[in-house]
There are 2 protein chains.
Amino acid sequence: MATRKRTDALTRARIVDAAIAVLDADEEAGLTFRALSQALATGPGAIYHHVSGKGELLDAATEAVVTAALDLPGGGAAPREEVHALALGLFDAIDDHPWVAAQLAAQLARTSAHGASLRILEALGRRVMTLGVPREHWFTTTTALLYYVLGAAGQNAAARESSGGDDRAAVLAREADAWESLPAEDFPFLRAVAAQMRDHDDREQFTAGVDLVLAGIAASGARVSGGSAR
Amino acid sequence: MATRKRTDALTRARIVDAAIAVLDADEEAGLTFRALSQALATGPGAIYHHVSGKGELLDAATEAVVTAALDLPGGGAAPREEVHALALGLFDAIDDHPWVAAQLAAQLARTSAHGASLRILEALGRRVMTLGVPREHWFTTTTALLYYVLGAAGQNAAARESSGGDDRAAVLAREADAWESLPAEDFPFLRAVAAQMRDHDDREQFTAGVDLVLAGIAASGARVSGGSAR
DNA sequence: ACCTGAACACCGTTCAAGT
DNA sequence: ACCTGAACACCGTTCAAGT
């Protein structure tokens with residue numbers, strides 16, 4: 001909020017930091033070059049000396065958040081624990097910066113894999129390689145993990161956002177109510193799972209999902225690697 | 001392309017059809033109310049009599065595409081085959097209308113589940129219920145499947161788009177080359193999977209990924225349901 | 001009631017002019 | 001070289017005026 005009075009020169013890093021602050025406060029729609037230049041106490045044109053346009057700015061902001069989230073302690077933990085740590089790191093990062101979810105999704109939809117999403121893919125894949133998965137499943141396995149992590153974390157963040165500061169339990173109850181009032185012939189599944197939505201822990205359910213995908217990995221790799229079943 | 005000369009009255013359905021045509025031709029950035037009204041031989045304001053704004057229009061266009069894709073033959077096939085059919089139906093729909101992937105992702109990121117994404121969740125979940133998965137895993141299992149299907153189908157569509165009409169094999173080779181030229185210490189995983197990217201069938205790999213998630217489902221359900229292992 | 005299209009309040013981006 | 005901020009070419013949306 002404190003509109004700095006250009007104490008030091010404009011840098012790409014300061015611009016990206018300011019962009020993250022604006023995105024956190026006002027979501028993607030709030031990030032305009034006018035708002036951003038005001039926060040930096042300069043004119044809109046100045047930003048273009050350090051960043052080629054809005055697209056690159058969004059990518060850079062996403063990259064900064066993801067890089068921080070992927071920075072693990074580094075002590076050689078078991079690969080399965082590292083996958084958990086990476087997944088939860090991204091979960092929390094997206095929880096803090098909900099706009100990152102849509103940004104990563106758009107980045108993935110735009111191209112095969114670039115920038116931040118490429119880094120995530122590599123970080124997850126490196127652990128998958130050591131989990132006893134047959135080599136020909138490495139890629140599919142890792143992308144499945146990536147999609148689950150981004151999808152579930154994004155949905156969690158969206159649910160928190162829409163609460164508007166409400167009690168989390170109240171939001172879950174409202175959602176559960178909505179699902180239970182759907183027509184029974186058309187939505188048997190959503191009605192069936194509505195109850196279990198009413199009380200669950202978000203992070204716990206997220207980790208359970210990661211384990212489910214890892215179970216698929218273990219099952220498809222069982223023929224080769226034998227058991228880490230226990 | 002044929003700018004009709006308002007033979008019949010403007011309807012919501014005609015507007016949505018025209019929007020889909022524009023999106024298919026010019027991607028999301030090409031859908032403006034000016035372009036759309038020109039295609040419909042009217043003024044921009046006319047559209048607002050049938051649709052509340054651009055957001056609703058995008059949702060309606062997505063809904064139309066997804067509804068068509070989810071419309072299965074209906075003969076009671078095995079649930080596993082039906083999941084395959086649903087997944088491939090979405091895969092092909094997103095292949096034909098690449099903008100749908102980003103739209104569904106945004107829809108999921110915006111809210112817990114609405115409109116088109118809610119329908120997909122229900123369609124997949126109904127089959128998951130009959131696959132012997134323990135009840136407490138229904139929701140996580142189905143969302144994992146949903147995220148994989150949307151993520152993988154979207155990425156496939158993006159890869160096709162970026163080819164610009166090039167030979168598919170050439171695109172894969174170029175991507176494989178790019179991955180292989182990444183620094184070895186930083187990207188051991190992507191370098192390891194680059195080779196298998198060079199020649200693979202897109203739909204085949206997609207189905208293999210669906211099976212991987214289904215394997216996770218089978219593994220976590222094994223304790224309860226016994227084997228459809230074969 | 002539905003349509004029309006000019007007008008309004010924005011936006012990203014550019015660029016002459018300053019330092 | 002970096003910054004400034006007015007100006008340009010758009011955009012979604014509104015609304016008086018028409019039929």
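No value in this document is a laboratory result; all are computed from the given coordinates. In this text the structure is predicted, and so the values were computed from the model without any measurement. Here the Cβ positions follow ideal geometry from the backbone for every residue, glycine too, while neighbour counts run over all protein chains shown.
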Worksheet item: Can you list, shortest first in nanometers, how far B:Asp71 lies from the same residue in the other copies, with each label 7 Å from Cα toward Cβ?
Response: 5.3
Response to the item:
Shielding of A:204-211 by other chains, given as the mean Cβ count within 10 Å, works out to 3
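Per-residue Cβ counts within 10 Å, from other chains only, averaged over A:119-131: what number is that?
On the way: counts 2, 0, 4, 8, 1, 1, 6, 5, 1, 2, 4, 0, 0.
Mean partner shielding for this stretch: 3.
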Worksheet entry | For chain B, built as a Gaussian network whose Cα springs stay under 10 Å, the top-fluctuating residue of B:Asp24, B:Asp211, B:Asp186 | B:Asp186
Worksheet entry | Averaged over B:150-158, number of beta-carbon atoms from partner chains that fall within 10 Å | 5
Worksheet entry | Inter-site label distance for A:Ala46 and B:Thr207 at 7 Å from Cα along Cβ, in nm | 5.9
Worksheet item: Quick one: label points 7 angstrom along Cα→Cβ at A:Ala21, distances to the other copies in nm, smallest first?
Response: 4.9
Practice prompt. Report the closest approach of any chain B C-beta to the axis of the B-to-A rotation: residue and distance, in whole angstrom.
Written response: B:Gly216, 1
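Quickly rank B:144-156, B:92-104 as a protection proxy: mean count of other C-beta atoms within 10 Å, highest first.
Working: B:144-156: 25.3, B:92-104: 22.4.
Going by the mean number of other Cβ atoms within 10 Å, highest first, we get B:144-156, B:92-104.
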Fill in: Residue with peak Gaussian network fluctuation, chain B [Cα springs, cutoff 10 Å], from B:Leu31, B:Leu72, B:Leu108
B:Leu72
Worksheet entry | Largest-first principal axis extents of the Cα set of segment B:1-92 (Å) | 50, 27, 26
Fill in: Spatial extent of segment A:37-160: Rg and Dmax, with the Cα atoms as the point set, Å
16.3, 55
Worksheet item: How high is the relative contact order of chain B, in percent, counting Cα pairs under 8 Å that sit 6 or more residues apart?
Response: 18
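Using helices alone, what [θ] at 222 nm do you get for chain A, with -39,500 (n - 2.57) per DSSP H run of 4 or more residues, divided over all residues and rounded to the nearest 500?
Details: 11 runs with 166 residues, N = 230.
It lands at -23500 deg cm²/dmol.
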Fill in: Selected from B:Arg12, B:Arg126, B:Arg135 as most flexible by GNM, with chain B as the system and alpha-carbon contacts under 10 Å
B:Arg135
Worksheet item: Using a simple spin-label model with points 7 Å from Cα along the Cα→Cβ vector, what separation in nm is obtained for A:Thr67 and B:Asp167?
Response: 3.9
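Averaging the inverse of every distinct alpha carbon separation and then flipping it gives the Kirkwood radius. What is it for segment A:75-229, in angstrom units? It would help to have the intermediate numbers written out before the result.
Details: mean 1/r = 0.0584 Å⁻¹.
Kirkwood hydrodynamic radius for segment A:75-229: 17.1 Å.
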Worksheet item: From the phi of every residue in segment A:204-211, what ³J(HN,Hα) in whole Hz does the Karplus formula 6.51 cos²θ - 1.76 cosθ + 1.60 yield, where θ is phi - 60° and glycine or proline is x?
Response: 4, 5, 4, 4, 4, x, 4, 5
Fill in: Isotropically averaged projected area of the protein assembly as shown, using the convex hull of Cα atoms (one quarter of hull area), nm²
25.4
